[in-house]
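Visitor: I am attaching a structure below and will ask some questions about it afterwards.
The values are calculated or read from the model by the stated rules, or taken from the named source; none is laboratory data. Predicted, not measured: the structure shown is a model, and the values here were computed from it. Quick reminder, even Gly has a Cβ in these numbers, built from the backbone with ideal geometry, and neighbours come from all protein chains shown. Ligands, DNA and RNA are excluded from the accessible area calculation, which covers all protein heavy atoms including side chains. Shrake-Rupley method; radii C 1.70, N 1.55, O 1.52, S 1.80 Å.
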Amino acid sequence: MENEWQVSALRVHIMDLRHSDVVLTDTFNTYGLLVLSAGSSLDEESISKLFQHSIDYVDIAVRRTELSTVGATAIENPGKVLTEVLNSAVYSTKELYTQAAERGEIDVQTVDSVISPMMDQFRKQIDIASILLNISDNDDYTYRHSVQVGIISYYIAKWMGKNAEECALASKAGYLHDIGKCKIPPEILNKQTPLTNDEFAEIRKHPIYGFDIINDSVGNPHLSLPALQHHERFNGSGYPYGIKEQDMHPLSKIVAIADIYSACISNRVYGEQKDLLNVLYELYQMSFGQTDPYITQIFIRNMLPNLIGKKVVLNNGDMGKIVMTNPSDSFRPLVQVDQRFIDLAQTNDIRIERIVSAS
């Protein structure tokens, strides 16, 4: 029987790795720590470990039947492809909102044309933090935010153990959650100065507008209810109806968390942009009464490893890199600045100001 694996190694970017690929050489991180041994067969956990240790390329043995395909994808710049897909999604979202504003309905095919290419990228990408950092802050907040919430909702569903169809539905619900903002006058939605009481009341109607648009277009409660309920809170403090946890749709609970996280890490006309890590701590605090505690903890637990290897700016002006999460305080990791290491859990004076890039 012909040998299934080639003996020669092919150098492949980690975004192009597949389950069951075999690593041909020992793989070390920049500190000399062995991450994967030669002969390891890759699965989701081992690929995630490569991301966490900021390893870009590995040598693998390639199945003969897949040699031409893998060779082609290895040449392609995966980061460039991801950026192009995300930029296209943001642009298409603007068209979708325009259509909804003019017709009072959305075209399902237009939504699918945005979601499907992102799904392809999600199946390749494990590092959600890099995806979020790849979405340009120069784009209109409303459209960028819709794309981000679709991305985050997908990964939350995946981390909850949902199947592919359920993850896609969560992503679509997240993507459409703010479609009702197309009915808000632009002078209110983009106002740079504080909103009046009447203007704020109008903004708070967008969940109802969104529910009506989605319900009239597709009649799917799995999509329309998250649009209606993504600002509701477990303790009844949300809007538009002040319902509590037992009355919220399961997907609404996912989208609510994704919406909060995306809103806080983004540049907004009416809110201060916050850091990816600090917002996780705020979500942790909100899980005691406002958001679903189980889903929030799943999100935080899976997001934190994605921050390892990311470049950060500290409040003292130093630039460093997160090298390890801290078991004693998950929100204050170990940071390397040049040749020295700073344990943020051991100092109250130094903190992460912002995460600036993927690596």
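Visitor: Report, to the nearest 10°, how far helix 206-217 tilts away from the longest principal axis of the Cα atoms in the chain, using its own Cα long axis and a range of 0 to 90°.
Guide: Rounded to the nearest ten degrees, it is 80.
Visitor: Which listed residue (Asn348, Ser252, Leu334) has the Cα farthest towards the positive end of the charge dipole for the range 225-359, taking +1 on Lys and Arg C-beta and -1 on Asp and Glu C-beta about the Cα centre?
Guide: In the range 225-359, that residue is Leu334.
Visitor: What is the chain's relative contact order, in percent, from Cα pairs under 8 angstrom and six or more apart in sequence? Don't jump to the answer; show the numbers that get you there.
Guide: Numbers: 601 pairs, mean separation 45.1, N = 359.
Relative CO of the chain lands at 13 percent.
Visitor: Using 1/(1 + (r/R0)^6) with R0 = 45 angstrom and r between the beta carbons of Ala201 and Tyr281, what's the FRET efficiency to the nearest 0.05?
Guide: For Ala201 and Tyr281, the calculated efficiency is 0.90.
Visitor: Can you tell me the order of 104-116, 251-263 when each peptide is scored by its average per-residue count of other Cβ atoms within 10 angstrom, highest first?
Guide: Numbers: 104-116: 15.8, 251-263: 25.7.
Peptide ranking by packing, descending: 251-263, 104-116.
Visitor: Excluding residues on the same chain fewer than 8 positions from Lys80, give the lysines whose Cα lies under 20 Å from its Cα.
Guide: The qualifying lysines are Lys124, Lys310, Lys311.
Visitor: Now for a different question. Using mean Cβ contacts within 10 Å as the protection proxy, how do 340-349, 309-318 order, highest first?
Guide: Descending mean neighbour count gives 309-318, 340-349.
Visitor: Give me the dipole magnitude in Debye, nearest 20, for the chain about the Cα centre, with unit charges on the beta carbon: positive for Lys and Arg, negative for Asp and Glu.
Guide: Numbers: 32 positive and 46 negative charges, 90 e Å.
Result for the chain is approximately 440 debye, rounded to the nearest 20.
Visitor: Using only DSSP helix segments of four residues or longer, with each worth -39500 (n - 2.57), what per-residue ellipticity at 222 nm results for the chain after dividing by its residue count and rounding to 500?
Guide: Value at 222 nm, helices only: -14500 deg cm²/dmol.
Visitor: Expressed in nm to one decimal, what extension gain is obtained for the pair Ser20 and Ile208 from 0.36 nm per residue of sequence separation less their Cα-Cα distance?
Guide: 63.0 nm
Visitor: Another one. Can you sort Met248, Met319 by solvent-accessible area, 1.4 Å probe, largest first?
Guide: The ranking, largest first, comes out as Met319, Met248.
Visitor: May I pose another question? With all protein chains present, calculate the accessible area of Thr30 using a 1.4 Å probe and round the result to the nearest 10 Å².
Guide: Only protein atoms counted, so the area is about 110 Å².
Visitor: A further question follows. Would you mind checking Lys253/Lys274; Lys274/Lys321; Lys158/Lys321 for any pair whose Cα atoms are more than 20 angstrom apart?
Guide: Lys253/Lys274; Lys158/Lys321
Visitor: Next question, about the same structure. Run the reach check for Lys183 against lysines, Cα to Cα strictly under 22 Å, same-chain hits fewer than 8 apart removed. What comes back?
Guide: Candidates past the 8-residue exclusion: Lys94, Lys172, Lys191, Lys205.
Visitor: Which listed residue (Ile131, Ala100, Gly150) has the Cα farthest towards the positive end of the charge dipole for the range 77-222, taking +1 on Lys and Arg C-beta and -1 on Asp and Glu C-beta about the Cα centre?
Guide: It is Ile131.
Visitor: I would also like to ask the following. What spacing in nm lies between the two simple spin-label points modelled at Tyr239 and Thr110, each 7 Å away from Cα in the Cβ direction?
Guide: 2.7
Visitor: Which order, highest average first, do 295-306, 325-336 follow once you tally other Cβ atoms within 10 Å for each residue and take the mean per peptide?
Guide: For the peptides 295-306, 325-336, the packing ranking is 295-306, 325-336.
Visitor: Working from the pairwise distances between different alpha carbons, so that the mean of 1/r is found and then inverted, what is the chain's Kirkwood radius in Å?
Guide: By the Kirkwood definition, the hydrodynamic radius is 21.8 Å.
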